[in-house]
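**Student:** Mind looking over this structure? Questions follow.
The values are calculated or read from the model by the stated rules, or taken from the named source; none is laboratory data. Note that the structure is predicted; figures quoted are calculated from it, not measured. Note that each Cβ is placed from the backbone with ideal geometry, even for glycine, and that neighbours are counted across all protein chains shown. These area figures cover heavy atoms from the full protein model, side chains too; ligands, DNA and RNA do not enter into them. Shrake-Rupley method; radii C 1.70, N 1.55, O 1.52, S 1.80 Å.
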Amino acid sequence: MSSDEPVSRSERLERLRAQLQGRPAGRRTPRAAPAPETGLLYGVMLRGAARLDAGLELTGLEEEMVSFLRLLLSEEEVCEFGRAFRKEGAASRMFPSALTSRDLADGYAFEDLVADLPGMRGQVMAQPNMSLLDLDRLPEDGSLDSPEFVKALGDYGHGFTMVTASDHRPDVARASAPQRVDVELKYFKCYRESGEWGRDELYWALSAASDTGVKQTSVTREYGGISSGDYQDFDAGTMLFTGEVQEFLTSRIILWEADHSPGAWQAEMRRTLGKISDLLFEMAERLRRYGGHYPVPEYHEMIDFIEIAGMIALVIVALIELFTNYDDLVLERTFVFDRAALVSWIDRGEVWGWDFDGGSGGHSVLVAAARGPLGSHPRMTTAISAPTTTWGPDTALPATWTISGAPALTARRDTLLCVSRGHDVPLLTRGRLYWSTYNGSSWSPVRQVPNAQNVRSSAALATYGQTTYCVYTATDNKLHATVFDGTSWTHLGTHSIAAHGTPALAFHGTSLICVINGPGGRLHWADVRRGNETSFTSWFFKPMPGPAGCSWPALTTGADGAAYLVALGPNYVGMYWSQLSSFWSDFARIPGGQTVKPAALAPNFGKIHCVIKAPDQSNELRWSALTGTTWSPFVKHPTATSNDAPALAYVHPTNPAAGPDAPHGRLFCVYRD
């Protein structure tokens, strides 16, 4: 069977028999076996199926556990699983004797679970691939995953982490309304590539569900050419979860290496993710109900509840093993965040990294951020154009404006225009572009850019006269363009070139210059003569000079009329710049420049200003200025921090947006909180 074909009914049954007999299920590499106590609830589920097949009345706990099976199987196949348990279960090492020694006629109720748990206390969470993390009691080094846990991930092939926050539990206990939560994937770093020949092609399969009924699944694109030490940003707006949480958010993240799986595997993966999402919702529901049996006003009293959470997570691991082909699996992890953990994460405003160490399959760390209902808003800081750059305080933009990814800015004749990817409440609107203009005193109402949908990354803007051009990449891995005349937008079409990430735009004399992350891991550029901009599909892109592997381009036009380019270096190491007059100058390293997001460029008082997001968890903004061929040292902005790349634009003093107190114009920086 090829890896993109669904697992058949007969194969599922054979995999179950293999599990019960202690053999590898499917073609997965054998992993370390967990203690029998961890399989208690999986055994209750299969034993309940056996009792159902025998015509016996199920207990409430058995009915709840069998409902997991019913999400995946027909009633006939549920009974078939039950018959397999009757034949193999009593001798299986997967389950504790407290379950296998009982006569089938005797049901296993929640009261039995409560009675048996004290004798098993600590057994589930004692497994090295199971962890309990208190965000309010982190180790001194701030790590989320211990070295012992990271090693066990590779030994077992999967891990479970229960995340709480002891200091936030009392406040959460008094809350009644669901909490809006967004969990966004920011980037990942490869610490060790797989042992296979060539560079890795990695992608992530995501499932999440809360106890309010919100369920989400997605598969990222393949991020190719990954080697040890590489950073890779996720496309803007890559969300693990968006929605309301009452008590629990459950999620499952699977890291894959794509060398062997054919393209049709993605379709089968999405079907499997839908099943996982259903299971995660049931898990969140169970935890909310079971939590009522275990009052947990104090952190140390959570142990029995945590045991149940871990057991249910292992039920999902065992079930999905029956349904999924694993030719290229690196690692899978299940997370349960209680509401206190989510509130703590949001309050901190930090990005955190989670280890995915698949042993010989490679080791990457996934970095994510959590935002509450007040997060993901644009903010603005400005500097009056003068010989010495002095940034003013940062201010919030309209509270109704929420964004995903980095904003884009351009100065028009009489306004400042900002375009950003949406971050609205309905999930489907996150792939759309929105715009607003600033007149020096207020921003206009935020409106949608027509026909700009399925946007994968941030947009690029450039203005000539009263015409603004907007270019962006979409989920079809193609380049799209639209044009704004001050009143309405006109979609120019889709270019055939494969592109990813955020493009860059700027005018250079009588030409519009566009630079993209193009084919072959190289920057590509197009030189579009005035009058041909609207013939978008015929723009001719050619490889940029300079080192291969540069990415995330940024462009601006200087007061001298030249185009200036800044890009990240190969493997996200360093920053490089080049100038286009008659031709591109040699790429040169910017001293001290380091970021993992696109830079923002704009001219200001005869210099080229560059603003970047710090590459560490501080998220601080830093800026530098180019005078001639010399860049000044990067300096920290006094107040502003950003969760994504900033945007920068210079506004001429004749533009009302500059304000009356800026006789030489004003530099604007908009970013994401």
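**Student:** Ranking request for peptides 465-471, 610-616: highest mean number of other beta-carbon atoms within 10 Å first, then the rest in descending order.
**Tutor:** Sorting 465-471, 610-616 by mean packing, highest first, produces 610-616, 465-471.
**Student:** Taking 41 Å as R0, compute the FRET efficiency from the Cβ-Cβ separation of residue 534 and residue 191 and round it to 0.05.
**Tutor:** In this case the efficiency is close to 0.30.
**Student:** What percent do you get for the relative contact order of the chain when only Cα pairs under 8 Å and 6+ apart count?
**Tutor:** 11
**Student:** Consider a paramagnetic label point 7 Å from the Cα of residue 466 along Cα→Cβ; state which residues of region 396-416 have an amide N under 11 Å from it.
**Tutor:** The answer is 413-414.
**Student:** Let me ask another. Extension gain residue 616-residue 485, at 0.36 nm per residue separation less the Cα-Cα distance, in nm?
**Tutor:** 43.2 nm
**Student:** So what is the calculated 222 nm ellipticity per residue for the chain, using -39500 (n - 2.57) for each DSSP H run with n of 4 or more, over all residues, to the nearest 500 deg cm²/dmol?
**Tutor:** Mean residue ellipticity, 222 nm, calculated: -6500 deg cm²/dmol.
**Student:** Another question about this same structure. Where the only charges are on Cβ atoms (+1 Lys, Arg; -1 Asp, Glu), what is the dipole of the chain about its Cα centre, to the nearest 20 debye?
**Tutor:** 2200
**Student:** Return the loop-located chymotrypsin sites (Phe, Trp or Tyr not before Pro) in region 520-616 (DSSP other than H, G, I, E, B) with at most 13 other Cβ atoms within 10 Å of their own Cβ; answer none if there are none.
**Tutor:** Filter output for region 520-616: 540, 583.
**Student:** What dipole magnitude, in Debye to the nearest 20, does region 526-617 give about its Cα centre under +1 on Lys/Arg Cβ and -1 on Asp/Glu Cβ?
**Tutor:** With only Lys, Arg, Asp and Glu charged at Cβ, the dipole is about 60 debye.
**Student:** Solvent-accessible area per residue for the chain at a 1.4 Å probe radius, Å²?
**Tutor:** Averaged over the residues of the chain, the accessible area is 37 Å².
**Student:** What is the gain in length, in nm to one decimal, between residue 126 and residue 220 on full extension, counting 0.36 nm per residue of separation less the C-alpha to C-alpha distance?
**Tutor:** 30.5 nm
**Student:** Right, here's the next one. Please list 477-484, 314-321 highest first by mean number of surrounding beta-carbon atoms within 10 Å per residue.
**Tutor:** Most protected by this proxy first, the peptides run 314-321, 477-484.
**Student:** Expressed in nm to one decimal, what extension gain is obtained for the pair residue 67 and residue 110 from 0.36 nm per residue of sequence separation less their Cα-Cα distance?
**Tutor:** Gain in length upon complete extension: 14.0 nm.
**Student:** Between residue 143 and residue 441, with labels modelled 7 Å along Cα→Cβ, what's the label distance in nm to one decimal, could you check?
**Tutor:** Label at residue 143, label at residue 441, 5.8 nm between them.
**Student:** Considering only protein heavy atoms and a 1.4 Å probe, what is the carbon-and-sulfur percentage of the accessible area of the chain?
**Tutor:** So the carbon and sulfur contribution to the accessible surface is 52 percent.
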